[in-house]
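S.K.: One structure, as structure tokens, below. Some questions next.
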Amino acid sequence: MDNRDALQPLTRRRVLTTLAGGSAGALVASAGLGCGNASHAATPPPSTPDEALEALRAGNRRFVDHTPAVRSTEEIEHIWTEIAVGQAPFATILCCADSRLAPEIIFDQFLGDVFVVREAGNIADSPTNLGSLEYAQAVLGSKLLLVLGHTSCGAVRAAFENAAPGGNIDAIIAAIRPGIAGASDLDDATRRNVGAVQQRIREQSPLLREAESTGKMRIVGGLYTIRTGEVAFLE
Ligand SMILES: [Zn+2]
């Protein structure tokens, strides 16, 4: 992270090109920056929290449908030029460290689009993690904070089953356990954990609480199903 980024806000004109079922080669041949038509319409970056949420929804649909955005060589070079001087991610994603999910992939986003903070159990229990989330909003202008849980989460399972594997792992479990008290099963515990983490962020980060209350940012929850790739937004 570099504070100089804040001095160089980007005015990105993103040309997101989607070609369902097409080949990358065909698109590279037909598409260029500023060239929009029915098959690859130009889409500006999200400018509001609602637009940011919709961009993640749309990206996850593309991922589930196996129709990821295809970018021309020119567009990729343009993005690289932009991100070399700063960043303006439209969303922040707090998710688990689990190897079976990668936010940029499951939301079909590219370099510079999402600011990702990962920790087992998608918790934000430390000042440093909360500070990373705050940095994304206050300095980089992120408009959405998604707390993303997932199915078959080992950290939530360990907390649900009152496991104590030892070492510093126990600190993760201890952070999760209060928020899932009373859960009926692992899925219920996973949902409760997402809600508890959202609540903790609001309680422990006045900065993000204010950003939410003034409409600069939305804080939402989500649940990623590993088997299908789908993300259900929990609000
Ligand atoms: Zn997990």
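Quick note: the coordinates plus some simple rules give every number you see, no bench work behind them. Predicted model only: the values in this text are computed from it and were never measured. FYI the Cβ positions are ideal-geometry reconstructions off the backbone, even for glycines, and counts take in every protein chain you see.
S.K.: Going by how many other beta carbons lie within 10 Å of each one, how would you line up Arg57, Arg118, fewest first? Present the calculation step by step, with values, prior to reporting the outcome.
M.R.: Working: Arg57 14, Arg118 17.
Lowest count first: Arg57, Arg118.
S.K.: How high is the relative contact order of the stretch 155-235, in percent, counting Cα pairs under 8 Å that sit 6 or more residues apart? Let's see the in-between values first.
M.R.: On the way: 75 pairs, mean separation 15.1, N = 81.
Taking the mean separation of contacting Cα pairs over the length of the stretch 155-235, I get 19 percent.
S.K.: Give a quick list of trypsin sites (Lys or Arg not before Pro) in the stretch 133-235 that DSSP marks as loop, anything other than H, G, I, E or B, with at most 11 other Cβ atoms within 10 Å.
M.R.: Details: sites: Lys143, Arg157, Arg191, Arg192, Arg200, Arg202, Arg209, Lys216, Arg218, Arg227; in loops: Lys143, Lys216, Arg227.
Qualifying residues, ordered by number: Arg227.
S.K.: A further question on this structure: Note down the net charge around Ala155, summing +1 for each Lys or Arg and -1 for each Asp or Glu among other residues with Cβ under 14 Å from its Cβ. Each step should come with its number before you reach the end.
M.R.: Numbers: positive: Arg100, Arg118, Arg157, Arg177, Arg192; negative: Asp98, Glu119, Asp125, Glu161, Asp170.
Residues near Ala155 contribute 0 overall.
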